[in-house]
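Heads up: the structure comes next, in structure tokens.
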Amino acid sequence: MNDKKKIVLAEDNSTLSLLLKFKLTKEGYDVFVAEDGKKAIEFIEEHNPVLILTDIMMPFVSGLEVISHVRNKLNLQTPIIVFSAAGQEEMVLKAFNLGANDFMAKPFSPNELVIRVKRLIG
Amino acid sequence: MDTSTVNTILLIFHYFFFAYAFAAISSYIILAIISIVETIEYKKKNKFVNYKEILSSDIAPSISIIAPAYNESLNIIENVRSLLSNHYANYDVIIVNDGSKDNSLELLIEAYDLVKVDYLINQQILTQPVREGVFKSKNPAFEKLIVVDKENGGKADALNMGLNISTSKYVACIDVDCLLLEDALQKMIKPFLELTEVKVIATGGVIRIANACIIKSGKLLDVNMPKSMLERAQILEYIRSFLLGRMAWSRLNGLLVISGAFGMFDKKIVIEVGGYDTNTVGEDMEIIVRMRVHMEEQKKKYKVAYIPDPLCWTEAPDNYKTFISQRNRWTRGTIEVLKKHRRIGLNPKYRSLGLVSFPFWFIFERMAPIIEVVGIVYFCILMALRELRWDYAFVFFISAYLFTVLFSIVAILSEENTYHQYKKKGTGYKLIRTILLEPFLFHPFVLYAAIKGNFDYYFNKKIKWGVMTRKGMTKAAESN
Amino acid sequence: MNKFLYFIDSLKEEPLLIQIVWLLSFVLFVIIIISIIYLKFLRTHLRLNDKIAEKYKNEYEANLITYLYSENEEGLISSEQQSIIKQLKNGAINKFKREIIISTLLKLLNEISGEMADSIQNLYYQTALNNYAVAKLKSGNWYFITEGIRELKLFRVKDAHKDVEKHVNHSKSEVRKEVQLYLVNLFSFKGLNFLNDLKTPLSEWDQIQLLEELQKFDDQEIPDITLWLKSENDYVVIFALKLAKIYNQFGMKEILLELLNHESERVRLELIPVLNHLYIVEAKEVLKSNFSERSREEQIEFLKLLENLGDENDEHFILQHIYNNDFEIRLSALKILKNINLSKFENLELTKPEAEFVEMVKFIKNN
């Protein structure tokens, strides 16, 4: 059962994370949902996922900090996709500078997200 | 003195107290009604506002959060983290280390990868010089953070340094130990951007008491009612003053004070008036009065706005010693500010500021404790002279008490109908009990502190700042 | 009881004032008792409401997710979906439940796009929720009208636009604001036509919201903004300037240059950064010619423009300002000098050995 690929999803909108979890589980992934950045970091350290999906604007620890923590503190090269609201180009640039692999602007299509996930981790 | 003179004096006293009480009670009733109207309107108007998406926009104007810190090593790391996670795109956080003697600076350098940077400071306001320098983070995730280390000069001086450092259009001045909710900046900036007919010069926020609340990693997780009478009574007092008092004054555009713990300002105007006054302990009230005077003199339409949402949570004193020294300082601050600006009192040139706000503040805030003490003395004299009419005294006392209780209940009802922060079962009972007992168990300390403040102001010139020993928010939360 | 009656009796003997104050105390006492009972009721009510709301929220959230995933291959409505629609439709009759359903749908709709977003919108129609919103537009209370428009905006109900547009000149600014957002949210730049004859102010806050809405559209083909730049309403002009900057309206050069003499300082202050952004160098001579007559803020904005667009022809002008008393003007002027004539800049500090000045020169040199 544990041969499923693990994904950590950090998102504070419960309905959206429920939807994405549902969708990704159906695609055969094991999804851990964190409602804030702090939880996300805990999950990442605990489960060592193959992919991280994170919102930029989150309570307490922002998505940027999650990326920075993964790349600089944990020294992991796990692919990271960030979500951002419209008009946050600057944030997205920062996310890329910190080592994010891909980004999706909200509102985004969940189907498109799945395609991008598959492209990154198969 | 013959009996008729004594009688005349007594009669004058009678009428004076009666008139004062009558005026106080009527003004409180009026304020309560205005504030309820204003609160309903505020809630209605802001229900449709979409804050989160809109002001994550980078077209929004820049804001600097300025937080002076003096020996705050206990919590500074957590607190800065909470300041950095506000939901607003275009802001920075300026921590002014005001000559701390502890290792605050080292902790900050360590936690946020700070390095000293070359920073050209525009000395628009004269302050104590920089000590170690200006620091910024190497880590882009903390790009918003600026730490400046300066020689000690007090809170006002530290805020002035922050004003010199800031390059933003607006500044939010806060106490570093405050917990800001993440939508605080969006909500506070709104009046500046929204009003077109008048110039908004400052916005005041509500301060809520964080004692016994559970705060983890800079986030408010659970709101609780503390156990001690002192803390509970302060909660009640804050709700009364912020939800009933200030809300009404904001409607009347007569706010004279924005809490030093959280307020936002148009930086240009703050600089124009010369920044914070370093010679008073009431610098938060003083700057608002001075900015108002400035706008009145320029004959410009302006407003000091007010946001009633619970955005800023702070720890209140949990022991009588700290409490009394805090209130002592507040009293001295009020006296200093009113004295410094006494020329505007009853001066028609300053319109409602001079004719309404200022006199009200003088009569019902500044003079209230003194009049109360005179009343008590008078009461005792009458008793000693066996002149006291018990039937009068008793019924007046009862009605005054009932009025106080009712006023508190209205404040609580207003809170429940709007923000309903104390959700837990049984809190309602605790609040009612606090309301009933507070006039006997809490009010005497408030009165004592105010009188002591008056005494210290006039007879004890060398008094230093009351040092507020803070337990530290996370620690307080853990021990709960 | 007897004692009480005795008390009342004895009160009759007392002076009028005492009687009045006793009466007052009694009234206060009664009000307090009523308030305490009300407080108790209110708190219990709120607590239960929270619980029930949470329960429904979870239920509707699950419903919604199931609905979205039980779509037929052909895109037709499946029987499972049919039963969810029925369930929600029944729930929507109750105002309390309706609000929870709407907020659940919106919570997801705000964050996603594509087929699923269409699906949610379709669900909104299927459950006939739009009828409630449209009905609100006919209310006499501005609050309900705004609520209705807002909902129609969020669910992108285009066919209500005639009813919504009726309120474009409503006396309450909250309503007007919501109408404007509705129009722009649904019709993109076409929705901006209300600017043509806008008489009321458009606050900075409103402008930011409208611009944010516009940026959500993929189609960034902006209409002709000439009319708005020439508007008599300064707020419209300022808004048009923002559009010119964000959508790089190089074609507006002539009109923009004319605006340098606009009577409103706020317009001019908004204008100069736009000229800077669009590299309109012709503005330089105009601004230089009456530099000293302009406000300090305009001067600073102009120097910022020169930091970007300055060349050797501006050297003479800049040299007049490197010793300016104003910190920001001096700083800008020195930066510009460094850009356009480095050797002159490097020989500067000897001529004016004031501490503050030297410090500034040193800072610019290093940065």
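Each residue in region A:79-91 was checked for being crowded, with 19+ Cβ neighbours inside 10 Å and within 22 Å of residue B:59 (Cβ to Cβ), and 7 pass.
Screening residue B:234 with (1) under 16 Å from the mean Cα position of the chain (by Cα); (2) within 13 Å of another protein chain (Cβ to nearest Cβ) gives one miss only, at (2). The set of residues from region C:203-225 being in a loop (DSSP other than H, G, I, E, B) and within 8 Å of chain B (Cβ to nearest Cβ) comprises just one member, C:203. With respect to the stated conditions, residue B:264 fails to be assigned to a helix (DSSP H, G or I), more than 30 Å from residue B:403 (Cβ to Cβ) and away from chain C (no Cβ under 14 Å).
For region B:53-103, a tally of residues being assigned to a loop (DSSP other than H, G, I, E, B) and either of a type outside the set (Val, Ile, Thr) or within 19 Å of residue B:132 (Cβ to Cβ) (or both) returns 24. Among the residues of region A:4-61, those identified as crowded, with 23+ Cβ neighbours inside 10 Å, away from chain C (no Cβ under 14 Å) and free of Cβ contacts under 8 Å to residues at least 40 places away in the same chain are A:34, A:37, A:40, A:44, A:61.
Within region C:190-202, being part of a loop (DSSP other than H, G, I, E, B) and surrounded by fewer than 19 Cβ atoms within 10 Å (Cβ to Cβ) holds for C:199, C:200, C:201. Considering the conditions (1) crowded, with 24+ Cβ neighbours inside 10 Å; (2) in contact with a Ser or Thr (Cβ under 7 Å, 6 or more places away or on another chain); (3) modelled with pLDDT under 95, residue B:161 is excluded by exactly one of them, (3). Residue C:113 fulfils the conditions (1) touching a Phe, Trp or Tyr at 6+ places or on another chain (Cβ under 7 Å); (2) touching a residue at least 12 places away in the same chain (Cβ under 8 Å); (3) among the polar types (S, T, N, Q); (4) surrounded by fewer than 22 Cβ atoms within 10 Å (Cβ to Cβ) except for a single criterion, (2). Per the listing C:147, C:151, the residue uniquely acidic (Asp, Glu), in contact (Cβ under 8 Å) with a residue 24 or more places away in the chain and closer than 18 Å to residue B:44 by Cβ is C:151.
Quick one: is residue C:67 aromatic (Phe, Trp, Tyr), touching a residue at least 40 places away in the same chain (Cβ under 8 Å) and away from chain B (no Cβ under 14 Å)? Criteria met by residue C:67. Filtered by the rule that a residue be closer than 25 Å to residue C:208 by Cβ and β-branched (Val, Ile, Thr), region C:246-282 gives C:246, C:255, C:267, C:272, C:274, C:280. Residues that are within 13 Å of the chain's Cα centre (by Cα), of a type outside the set (Asp, Glu) and in a helix (DSSP H, G or I): does region B:272-283 have at least one? No: region B:272-283 contains no residue that is within 13 Å of the chain's Cα centre (by Cα), of a type outside the set (Asp, Glu) and in a helix (DSSP H, G or I). Residue C:17 - would you say it is at the interface with chain B (Cβ under 9 Å from one of its Cβ atoms) and not charged (D, E, K, R)? Judged against the criteria, residue C:17 is a match. Applying a threshold of 8 Å to beta carbon distances and a minimum spacing of six or more residues, or different chains, the list of pairs starting in region B:164-189 at a residue that is more than 13 Å from residue B:67 (Cβ to Cβ) and outside any loop (DSSP other than H, G, I, E, B) and ending at one that is modelled with pLDDT of 95 or more and of a type in the set (D, E, K, R) reads B:170/B:266; B:170/B:267. Scanning region C:101-142 for residues being within 14 Å of chain A (Cβ to nearest Cβ) and within 25 Å of the chain's Cα centre (by Cα) gives a total of 14. Candidates in region C:37-49 are the residues that are at the interface with chain B (Cβ under 7 Å from one of its Cβ atoms) and closer than 19 Å to residue C:97 by Cα; of these, the one that is surrounded by the fewest Cβ atoms within 10 Å (Cβ to Cβ) is C:46.
The values are calculated or read from the model by the stated rules, or taken from the named source; none is laboratory data. All values derive from a computational prediction rather than experimental measurement. As a convention, Cβ positions derive from the backbone with ideal geometry for all residues, glycine included, and neighbour counts pool all protein chains shown.
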